[in-house]
Amino acid sequence: MRRAAALGLLLFACKAGPQASPAAGSGEDATRYYPLAVGNSWTYSFRGSDRRETIQIVGRDGPWFIDDHRGRLRYEPDGVRDADRYLLRTPLSAGATWSAVENLIVQRFEVVSMDGNAVTQAGTFTRCAVVRNEQVLAKGGKFVTEWTYAPKVGLVQLVTSTVDAKGRQQEQTRLQLVAYRVGQ
């Protein structure tokens, strides 16, 4: 069940509208952190499992890049988005925020670091952008999702966790990049 939820997050399948607010200060072009081209692919492993999932960009539909999981991604002047929301906003800088709406619930995204690191089977990635989303849980606490994007590679890690009302954090899901192919 957790794997299915994580894959859903990975594939950006939420139903959010692009209610975006400006990013803070100057920063980097978000497209640098999510290379889109037909043929690019990323393979992820699930923590505690031998299961792997590969996502490949297989075509174009106008400005949209289409992946083999029915995902749609595109570049816009102010960031990288899927069919429902921005994944990364330009200018990309620590402290930058934006929001999206899903089923009348506002989701807030924040770039918590532009100097993140991730060590995966695909390599060691530095100077990564780390984006966080926190959702308040009905019984107190929150559900946290963190995406780590490496320059010229894309998403290298996705971690979900719960934080209880006392601040104790428990990791729920971890997806890590094990292989990738991106055009130059």
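Pairs of Cα atoms under 8 Å, at least six residues apart: use those to get the relative contact order of the stretch 40-184, whole percent. All intermediate terms of the calculation are to be shown ahead of the outcome.
Working: 316 pairs, mean separation 28.2, N = 145.
19 percent.
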query: For the stretch 120-184, what does the alpha-carbon gyration tensor say about shape, rounded, prolate or oblate, given a ≥ b ≥ c as the root eigenvalues, a/c under 1.5 as rounded, and a/b over b/c as prolate?
result: prolate
Tensor-based shape of the chain (alpha-carbon gyration tensor, a/c under 1.5 rounded, otherwise prolate or oblate): rounded
task: Give me the distance in nm between label points sitting 7 Å out from Cα along the Cα-to-Cβ direction at Leu104 and Asp68, one decimal.
output: 4.0 nm
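Test of understanding: what is the full-extension gain from Ala138 to Ala37, defined as 0.36 nm times their sequence separation minus their Cα-Cα distance?
Values: separation 101, 0.36 × 101 = 36.36 nm, distance 4.03 nm.
Roughly 32.3 nm would be gained on extension.
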query: What nm value, rounded to one decimal, do you get for the distance between Lys166 and Arg47 when each label is placed 7 Å out toward the C-beta?
result: 2.1 nm
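Multiplying the sequence separation of Lys152 and Val119 by 0.36 nm and subtracting their Cα-Cα distance, what value in nm do you get? Please list the in-between numbers first.
Values: separation 33, 0.36 × 33 = 11.88 nm, distance 1.58 nm.
Gain on extension, Lys152 to Val119, equals 10.3 nm.
Can you pull out the trypsin sites (Lys or Arg not before Pro) in the stretch 56-105 that DSSP calls coil and that have at most 12 other Cβ atoms within 10 Å? Don't skip to the answer; put the middle values down first.
Details: sites: Arg60, Arg70, Arg72, Arg74, Arg81, Arg85, Arg89; in loops: Arg70, Arg85.
Within the stretch 56-105, the qualifying trypsin sites (Lys or Arg not before Pro) (loop, at most 12 other Cβ atoms within 10 Å) are Arg70.
Take Ile105, Ile55, Ile66 and order them by how many other Cβ atoms sit within 10 Å, fewest up front.
With the fewest neighbours first, Ile105, Ile55, Ile66 line up as Ile105, Ile66, Ile55.
Every read-out reported here was derived from the displayed coordinates using simple, explicitly stated rules and does not represent laboratory data. Worth saying up front: this structure is predicted, and the values here are computed from it rather than measured. Here the Cβ is made from the backbone with ideal geometry for all residues, glycine too, and neighbour counts use every protein chain on show.
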